[in-house]
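Working notes, structure below.
The values are calculated or read from the model by the stated rules, or taken from the named source; none is laboratory data. These numbers come from a predicted model, not from an experiment. Here Cβ is always computed from backbone atoms with ideal geometry, including for glycine, and neighbour counts include all displayed protein chains.
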Amino acid sequence: MTGIRIIAKGRTSDETERLAVHAIALRESGVFPGPIWIDLPGRRPRISSVVGEGANPRQGQLLTIPAPGGSGAMQVDSLGIESLEPSSILSIADGAVLLEVIERAEQGAVLCKSVRSGAVPVGRSVAIAGIAWRDYFFISSDDAHLGHNLASVANLEIVISWVSTSNHMQEAKRKLPGNRIIAKLETRISPNALINILRHSQSVLIGRSDLAAEVGDELDSLTRRYVQSAKAANIEVAVGSVLFDSLESAERPSASEIGNAIWFLENGVSALLIGGSGAPAPLLRKFLAIRELFR
């Protein structure tokens, strides 16, 4: 089960930010040692500019990263820098440069110390405390302006929602070249249609929340059919929503929730997407429930 990823996704930007803060705390405390991905709306955080010694900090060098609009040695866009806690680690360019957050400064800035020195490349992405920030765009398959705002970008992971035919995926690949196109399966799809969709997909995400609204009690059996079809086609598959939802109020997951999660892990699902209220207690219970499955 090594390599299983947990993706925390909030229903709003504020909720996602709270999930990220709690997940960082879990990583740093050692409560959950496995990889944790946090979904953020829009593009992943990137270095937008560096000034002076910020371009090539020495070992032990102190740097100020400001909140958006502020001044400092390094600007990071879309990071929510004001939410970072002391001892958080910023990993730049896949770990080429590492900065440790020392303390919060005035006006939302943070003071960092270089713990791995090197040149800071403008435009490269930033990860926090071992948490990789997934770069998901969700686009409806019936959007007449598919890709209109993304035509000039590449190397993104773009989720096409409400996929029901292979035409949706073919159009997405044609209009969004250079990106990883992910089919979101959230409706009832016939076996033949599913095979054709998978032929044009690089990954699939099974959205159980919307699927449940359509198929009711068939949710688990249909989810498993989709997983089996994707793995038979050698396609990476993630499963999201309606996972450990009882832990929003209960202390322990139900037997059926545990059974489903174990089946997903044993049958090649590479990511479990969990969400919910964004409150720390339910989030911690969900992480701990999934951690138990690694033992």
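Here are the numbers:
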read-out	value
In the stretch 71-82, residue farthest from the chain's Cα centre (by Cα) [restricted to those that are modelled with pLDDT under 80 and under 14 Å from residue 107 (Cβ atoms)]	82
Index of the failed condition, residue 57 passing every other in (1) at pLDDT below 65; (2) more than 30 Å from residue 238 (Cβ to Cβ)	(1)
Which numbered condition residue 248 fails, given (1) touching a Pro at 6+ places or on another chain (Cβ under 6 Å); (2) charged (D, E, K, R); (3) surrounded by 15 or more Cβ atoms within 10 Å (Cβ to Cβ)	(3)
Output for the stretch 92-115, where each listed residue is over 10 Å from residue 61 (Cα atoms), charged (D, E, K, R) and assigned to a strand (DSSP E or B)	100, 103, 104
Helices (runs of 4 or more DSSP H) fully within the stretch 190-295 counting 2 or more residues that are more than 28 Å from residue 176 (Cα to Cα) and among the basic types (Lys, Arg)	219-232, 280-292
Enumeration of residues in the stretch 209-257 that are more than 26 Å from residue 196 (Cβ to Cβ) and charged (D, E, K, R)	217, 245, 248, 251, 252, 257
Residue in the stretch 62-69 that is modelled with pLDDT of 80 or more, over 28 Å from residue 268 (Cα atoms), of a type in the set (Val, Ile, Thr) and in contact with a Pro (Cβ under 8 Å, 6 or more places away or on another chain) present	no
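To keep it simple, each residue is scored yes or no on (1) at positive phi; (2) surrounded by fewer than 20 Cβ atoms within 10 Å (Cβ to Cβ); (3) aliphatic (A, V, I, L, M).
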{"position": "178", "(1), (2), (3)": "yes, yes, no"}
{"position": "219", "(1), (2), (3)": "no, yes, yes"}
{"position": "230", "(1), (2), (3)": "no, no, yes"}
{"position": "257", "(1), (2), (3)": "no, yes, no"}
{"position": "262", "(1), (2), (3)": "no, yes, yes"}
